[in-house]
Protein chains: 2
Amino acid sequence: MKLRILVVDDEPEIIELVEFNLKQAGYAVTTAADGAEALKKARSQTPDLIVLDVMLPEMDGFEICKALRLDAATAKIPIVMLTAKAAEIDRVLGLELGADDYLTKPFSPRELLLRVKKILARHQAEEKPKEQLRYGDLLIDLPRHIASWKNKPIELTATEFKLLTILAQRAGRVQSRDQLLRDVWEYDSLIDTRTVDTHMRRLREKIGPAAKHLDTVRGVGYRFIE
Amino acid sequence: MKLRILVVDDEPEIIELVEFNLKQAGYAVTTAADGAEALKKARSQTPDLIVLDVMLPEMDGFEICKALRLDAATAKIPIVMLTAKAAEIDRVLGLELGADDYLTKPFSPRELLLRVKKILARHQAEEKPKEQLRYGDLLIDLPRHIASWKNKPIELTATEFKLLTILAQRAGRVQSRDQLLRDVWEYDSLIDTRTVDTHMRRLREKIGPAAKHLDTVRGVGYRFIE
DNA sequence: CATTCCGGTGACAACCATGTGACGATTGGG
DNA sequence: CCCAATCGTCACATGGTTGTCACCGGAATG
């Protein structure tokens with residue numbers, strides 16, 4: 001899936017330049033020309049990163065930054081600030097307000113790309129694995145090692161629980177039997193791939209109605225659907 | 001219980017030097033060579049202090065620092081930064097981002113120890129762990145080192161008490177045998193994991209009716225249920 | 001339409017994880 | 001110096017768990 005970036009600037013030339021380069025690099029880009037629009041789009045689209053010009057009419061970059069941080073929906077989106085002022089005070093202020101990086105105009109597109117890439121990479125890395133997975137009435141609690149349906153616990157063996165967890169964590173994506181063997185059983189392929197089938201069967205049997213989430217993709221593997 | 005320190009550096013010599021000196025001084029030390037590993041270990045082990053080199057490949061110390069501060073699980077762990085640059089800006093930036101102290105290379109091990117000790121003393125003082133845990137009729141009094149059931153004291157050995165305490169403090173969360181060995185026995189894994197079983201058995205025997213709180217999760221570990 | 005391929009199913013034997021009792025080593029106090 | 005307490009390890013029993021297999025029905029394939 002393409003990573004989405006929101007570019008906020010009031011100068012059409014800058015927008016165009018940045019947009020072109022980011023799209024070239026394979027990102028999905030949307031733009032906003034002022035603070036209000038920026039906040040609205042940030043909330044509705046929850047982009048993976050925001051490129052934000054400090055100099056804007058009405059609401060400047062710092063204010064937008066602050067506003068974004070105050071809203072839970074946007075609080076964690078990394079922000080790259082663009083500014084004409086190279087003064088140190090700006091850098092510190094920007095970082096304090098929650099910007100993740102800083103670029104002073106004039107900047108080269110290549111430099112912008114580098115920063116964006118780096119920040120996105122870092123953010124992916126620090127994304128912490130979720131402790132709970134919830135899909136409708138199905139709840140999987142990792143640290144408690146409990147799965148439940150409509151708040152009623154489901155008795156699962158260790159392997160079944162792990163299998164369910166792995167599938168749920170990769171919801172939507174098909175997992176081949178080999179993939180599952182590697183991730184659930186860990187030591188490689190001493191085990192027959194058909195074993196996965198048996199475990200899927202037992203899992204489906206035990207989780208009852210929640211089995212509708214477990215999809216078989218003939219010829220490929222299994223998939224957890226939301 | 002030994003205080004645990006996580007040392008993050010990419011240079012093996014530095015790691016070795018720091019690790020040796022800290023262990024000598026009675027701390028339990030784990031190490032990480034890069035940012036991703038550092039974040040992972042910080043979250044999984046929640047050390048009491050982190051020694052962090054600023055100069056690292058990929059993700060530098062400032063970024064790690066910031067990432068640690070953004071996560072509730074690691075936000076309050078004190079950080080001592082190591083850097084080659086003595087520049088003022090670095091110091092200010094580092095402190096702003098949440099480092100608790102600062103050390104410029106080359107530093108003497110004695111100096112590092114002093115800082116670590118000082119910071120830990122300050123932090124321990126202001127942090128008060130719960131002194132009592134109560135679950136129904138079961139009461140665990142940490143400072144008095146006494147457990148009781150319906151106000152009647154339960155005779156426990158030091159190890160049994162610690163085991164019970166660790167489990168109760170993480171009530172609900174499954175603890176693997178390895179995890180328990182690390183936290184209760186402290187020095188790593190010289191001990192057979194089955195030893196945990198034996199101690200659980202003795203513990204259950206002694207606490208009698210309260211044993212209903214001690215749950216076995218087959219294939220995974222043990223869990224304290226409320 | 002015939003054939004092949006694939007996944008679901010039930011049974012089963014081997015295995016493994018855990019509870020349990022016992023034993024030797026160590027330690028500290030009387 | 002001996003005894004009691006504590007601890008780590010081990011062997012054994014047992015019941016749950018697991019991997020495999022044979023069989024079957026339905027889906028693809030030609």
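The values are calculated or read from the model by the stated rules, or taken from the named source; none is laboratory data. Predicted, not measured: the structure shown is a model, and the values here were computed from it. Here Cβ is always computed from backbone atoms with ideal geometry, including for glycine, and neighbour counts include all displayed protein chains. The protein model used for the area step is the full one, side chains on, heavy atoms only, and it has no ligands, DNA or RNA in it. Shrake-Rupley method; radii C 1.70, N 1.55, O 1.52, S 1.80 Å.
Note the angle between two axes, namely the Cα long axis of helix A:61-70 and the longest principal axis of the Cα atoms of chain A, as a number of degrees from 0 to 90, rounded to the nearest 10. The angle comes out near 30 degrees. Shown are A:176, A:44, whose ranking by accessible area with a 1.4 Å probe and every protein chain present, most to least, is A:44, A:176.
The share of accessible area on segment B:1-62 that comes from carbon and sulfur is 54 percent, using a 1.4 angstrom probe. Working note: 222 nm ellipticity from helices only, DSSP H runs with n ≥ 4, each -39,500 (n - 2.57), summed and divided by the residues of chain A, gives -12500 deg cm²/dmol to the nearest 500. The string of couplings for segment A:211-224 from the Karplus curve (6.51, -1.76, 1.60, θ = phi - 60°) is 4, 5, 6, 9, 10, 9, 10, 4, x, 10, x, 10, 8, 8 Hz, one whole number per residue in order, with x for Gly and Pro. With the label put 7 angstrom out from Cα along the Cα-to-Cβ vector, residue A:10 ends up 4.1 nm from the copy partners, going from closest to farthest.
Take the accessible area of chain B alone and of chain A alone, subtract that of the pair, and you get about 1600 Å² summed over both chains, using a 1.4 Å probe. For residue A:74, no residue has an amide H sitting under 5 Å from its own, ignoring neighbours fewer than 5 places away on the same chain, with H placed 1.01 Å from N. Across the copies of the chain, residue B:158 has label points (7 Å from Cα along Cα→Cβ) spaced 3.0 nm apart, shortest distance listed first. Accessible area ranking (1.4 Å probe, heavy atoms, ligands and nucleic acids excluded), largest first, for A:5, B:146, B:154: B:146, B:154, A:5.
Across the cross-link table entries A:130/B:117; A:76/A:105; A:76/A:117, which are compared at the Cα atoms, the separations over 27 Å belong to A:130/B:117.
Please enumerate, by chain and number, the aspartates and glutamates with C-alpha under 13 Å from the C-alpha of residue B:152, excluding those fewer than 8 residues away in the same chain. The reachable aspartates and glutamates, counting only those whose Cα sits under 13 Å from residue B:152, are B:137, B:141.
The solvent-accessible area of residue A:4, taken with every protein chain present and a 1.4 Å probe, is close to 90 Å². Sorting B:76, A:105, A:118 by accessible area puts them as B:76, A:118, A:105; the probe is 1.4 Å, largest comes first, and only protein heavy atoms count.
Keeping every protein chain present and rolling a 1.4 Å probe, give me the accessible area per residue for the protein assembly as shown in Å². With the other protein chains kept in place, the protein assembly as shown gives 53 Å² per residue.
Full extension of the chain segment joining residue A:157 with residue A:192 gains 10.7 nm, where the gain is 0.36 nm per residue of separation less the Cα-Cα distance. Restricting attention to chain B, close to 50% of DSSP beta bridges with both partner residues there are antiparallel. Counted over the protein assembly as shown, the DSSP beta bridges are approximately 50% antiparallel.
Extending 7 Å from the Cα toward the beta-carbon at both residue A:131 and residue A:25 defines two label points whose distance is 3.5 nm.
The angle between the Cα long axis of helix B:194-207 and the longest principal axis of the Cα atoms of chain B comes to about 50 degrees, rounded to the nearest 10. Taking the label point 7 Å along Cα→Cβ, residue A:143 and its counterparts in the other copies are spaced 2.6 nm apart, in ascending order. In the assembled protein chains, residue A:23 presents an accessible area of approximately 110 Å² (probe radius 1.4 Å). The H on the amide N of residue B:59, modeled in the peptide plane, is under 5 Å from the matching H of B:35, each at least 5 residues off or on a different chain. Under 5 Å between amide hydrogens, built in the peptide plane, is the criterion, and for residue B:3 it picks out B:28 among residues at least 5 positions away or on other chains. Between the helical axis of A:158-169 and the longest alpha-carbon principal axis of chain A there is an angle of about 30 degrees.
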